[in-house]
Amino acid sequence: MSKTFYLTTPLYYVNDVPHVGHTYTTVIADAVVRYRRMCGDDVSFLTGTDEHGLKIERSARQQGIEPQELVDTYAAEFRETWERLGLSFDEFIRTTQERHYRAVAKLFRAVKRSGNVYLGQYQGNYCVGCEAYVAEGRNCPDCGRPTEFMTEDSYFFKLSAFQEKLLRFYRENPDFVVPRSRMNEVVRFVEGGLQDLSISRTSFRWGIPVPDDEKHIFYVWFDALTGYISGMGYGTDDEKFETWWPVDVHLIGKDILRFHAVYWPAFLMAAGLAPPKRILSHGWWTIEGEKMSKSKGNFVTAAELSNVVQTDYFRYFLLREIPLGSDGNFSFDGLRTRVNSDLVNDLGNLSQRTLKMIRSYFGGVIPKGGSADERGRELRDFCSETARLYRERFGDLQINKAVEAVWELISRVNKYLVVNEPWILAKDPNRRAQLGSVLYHAAEALRLIAVMLGPIVPEGAASIMNQLGIHRPLEGNRISSLEWAGLESGSTIGKLSHIYPRLDKKEFRVKVKNRRAPGAAAAAAGAEPKKTAAGGQEDARIDIKEFAKVRMQVARIVSAESIPKSTRLLKLKVDLGSEVRQVVAGIAGQYSPESLPGRLVVIVTNLKPAKLMGVESNGMIVAASDGGKPVLATFTEEVRLGSVLT
Ligand code: ME8
């Protein structure tokens, strides 16, 4: 029987759209599970959404909708984003699902039976405006207003009773938290003493009720952490749970380490369940040197990333740029430079030149490897050493180091071609066997490179395999295919194409600038960057004539309804004074149909009609994109319907 491997990402809060930080975690997880599948493991990759809590309840109230409606939209956004980016999760758990409620109740009962729960009083500084306890200080960190000291009934978990048990567990499992520096942080924290933990609230309602005392709902972390077991059958499917638990890796950002490395194992120990095998805590991305924040305008959503570049490009950048555990700085310029130098130049060129020579000199048939000369033997040895390093490093979750090893091989093969000069050998018919051997060696090394890059850049790796004439799906490549001579002499190569287009600096900057607009990728693909009068710099400005081409008019929404099977689109009827038109808008995530009739909006009225999900749209509603979320443009003063915006 094959070994099981279970890995999770955090369950993301649904108060935001997926951004580059979430994408980072999910991409690492995806690379690791692709590698484990290659090793022949039976893999389960769980991700999902954390949907309860005061913030959600409040945000829904502000929008005049039910919390459930709000979380449905965001959860769908996360799920669809990961699917669109080709991230290969097996389970998607939502903390509002029935199976999750059952698991939380079961875990609580088990912890309570063990004598580790008691009813007490929670005290702290409470912000009445925000309806939330604040960690410290007399003023609320969110709204700045003074807080009040409050007391409420709460169930407590006896975390203090777990200090010794946890410390023993850390001693016995020194690699429980990776990297080691973070393990040390956790040990120091626990050595400093543990306070009992409040695990229920009575001050708001959007949460899971505590069994037998429904005045209380669970504290979000008790609820959310349970997602790692509720998604794997705890409380609903014992066989599934037995198969997968304990988890092999919880992959998280460093911000939530304490919850995973201290509270979570303690809850599990109390319930008589095994703690996780490993917590991998990765570093934090800043954007252009600053903490990502919407107000600073340096917020990069997953949708924007994929508007600007293909998935392989940002996968490669995120996985290669920083060692797991370290912080990094994300910049679009850094991404472009990295992609152009590594993927386009190093890998793209190696693949092109090798395959083109096989096509020109051998009519596309893979030549015989023959008996290798010394340089050939050296290359083989280098390949097997690279495969060894790659496996060792990936096994240790040092992904960027594994990728570095592959890049050393790429540059070695490029050098091998330079010193062997196949283009000179090709001129001499007596050296045809040698020419064949050199090209076989280069092509076989290229195959090994593609196999190793499968978990990192799956699209490019699959393209190289196809061009080598190996048409089995990438997933079919087992780690055993890292043995030399897997490429069959006499087989025919596939159709050749460039795997990776170069990112042109000027065009790319325009794309980055326009990334927030829906359809930015398409618009930018055809955009011709212009020179400024001052010279040189790219410029996306337009003149007034171009602006005048777009006709925007004031309208009032008459009716709005959902479109079946679409989580994003609404069908609107809008009154332009002289006519009523039908417009389809991607705003279902933020606006419920009932909230829209009567609103004044701006419509682009001279767009060619289009069909969205089979529904005709005669115009476009104007909205700001706030971190990917649409916010409708409107007027605060009375204005005649049909008035033109100039
Ligand atoms: O914490 N750089 O959810 P969350 C790198 N619901 N990673 C980042 C990042 C950044 N700038 N920003 C976010 C929660 N992340 C809880 C988890 S688990 C039972 C409950 C990633 O939506 C990173 O993985 O705030 C971090 O741990 C996670 O997003 C936090 O996601």
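You will find that of Glu488, Glu475, the residue that is assigned to a helix (DSSP H, G or I), out of contact with any His (no Cβ under 7 Å at 6 or more places or on another chain), among the acidic types (Asp, Glu) and at pLDDT below 95 is Glu475 and no other.
Taken over the range 7-34, the residue count meeting the criterion of being more than 10 Å from the ligand (Cβ to nearest atom) and in contact with a Lys or Arg (Cβ under 9 Å, 6 or more places away or on another chain) is 5.
For the range 435-479, the tally of residues that are surrounded by 22 or more Cβ atoms within 10 Å (Cβ to Cβ) and of a type in the set (Asp, Glu) stands at 1. Here is a list: Ser160, Ser114, Ser181, Ser154. Which entry is hydroxyl-bearing (Ser, Thr, Tyr), touching a strand residue (DSSP E or B) at 6+ places or on another chain (Cβ under 8 Å) and assigned by TED's automatic domain parsing to the domain that holds Lys254? Answer to the selection: Ser154.
To keep it simple, each residue is scored yes or no on (1) in contact with a helix residue (DSSP H, G or I) (Cβ under 7 Å, 6 or more places away or on another chain); (2) at pLDDT 65 or above.
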{"position": "Arg502", "(1), (2)": "yes, yes"}
{"position": "Arg515", "(1), (2)": "yes, yes"}
{"position": "Gly519", "(1), (2)": "no, no"}
{"position": "Lys545", "(1), (2)": "no, yes"}
{"position": "Val554", "(1), (2)": "no, yes"}
{"position": "Glu561", "(1), (2)": "yes, yes"}
{"position": "Leu569", "(1), (2)": "no, yes"}
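Across the range 251-262, the qualifying residues are those that are outside any strand (DSSP E or B) and within 10 Å of the ligand (Cβ to nearest atom), and the one among them that is surrounded by the most Cβ atoms within 10 Å (Cβ to Cβ) is His260.
Inclusion of Gly53 among residues that are within 14 Å of the ligand (Cβ to nearest atom) and at positive phi is warranted.
Filtered by the rule that a residue be under 42 Å from the mean Cα position of the chain (by Cα) and buried (at least 17 other Cβ atoms within 10 Å of the Cβ), the range 414-434 gives Asn414, Tyr416, Leu417. Of a type in the set (Asp, Glu) and not in a loop (DSSP other than H, G, I, E, B): does that describe Glu637? The answer is no for Glu637. For the range 269-304, residues that are away from the ligand (no atom under 13 Å from the Cβ), modelled with pLDDT of 95 or more and of a type in the set (A, V, I, L, M, F, W, C) total 5.
Residue pairs whose Cβ atoms lie under 8 Å apart, sitting 6 or more positions apart in sequence or on different chains, and linking a residue in the range 501-522 that is under 23 Å from Ser341 (Cβ atoms) and acidic (Asp, Glu) to a partner that is modelled with pLDDT under 85 and not in a loop (DSSP other than H, G, I, E, B), are Glu507/Ala524. For the range 412-449, a residue qualifies if it is free of Cβ contacts under 8 Å to residues at least 24 places away in the same chain and either aliphatic (A, V, I, L, M) or not assigned by TED's automatic domain parsing to the domain that holds Asn466 (or both), and the qualifying residues are Val418, Ile424, Leu425.
Screening Pro246 against (1) in the same structural domain as Ser198 (by TED's automatic domain parsing); (2) closer than 22 Å to Glu77 by Cβ; (3) away from the ligand (no atom under 12 Å from the Cβ) leaves a single unmet condition, (2).
Residues in the range 256-313 that are among the acidic types (Asp, Glu) and either touching a Ser or Thr at 6+ places or on another chain (Cβ under 8 Å) or in contact (Cβ under 8 Å) with a residue 24 or more places away in the chain (or both): Glu288, Glu304, Asp312. Of the residues Gln68, Gln62, the single one that is surrounded by fewer than 17 Cβ atoms within 10 Å (Cβ to Cβ) and more than 24 Å from the chain's Cα centre (by Cα) is Gln62.
Here is a yes/no grid of residues against (1) within 16 Å of the ligand (Cβ to nearest atom); (2) of a type in the set (Lys, Arg); (3) surrounded by fewer than 23 Cβ atoms within 10 Å (Cβ to Cβ):
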{"position": "Met150", "(1), (2), (3)": "no, no, yes"}
{"position": "Tyr155", "(1), (2), (3)": "no, no, no"}
{"position": "Gln163", "(1), (2), (3)": "no, no, yes"}
{"position": "Tyr170", "(1), (2), (3)": "no, no, yes"}
{"position": "Phe218", "(1), (2), (3)": "yes, no, no"}
{"position": "Tyr234", "(1), (2), (3)": "yes, no, no"}
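The values are calculated or read from the model by the stated rules, or taken from the named source; none is laboratory data. These numbers were taken from a predicted model, which means no experiment stands behind them. Cβ coordinates were reconstructed from backbone atoms using ideal geometry, including for glycine residues, and neighbour counts include every protein chain displayed.
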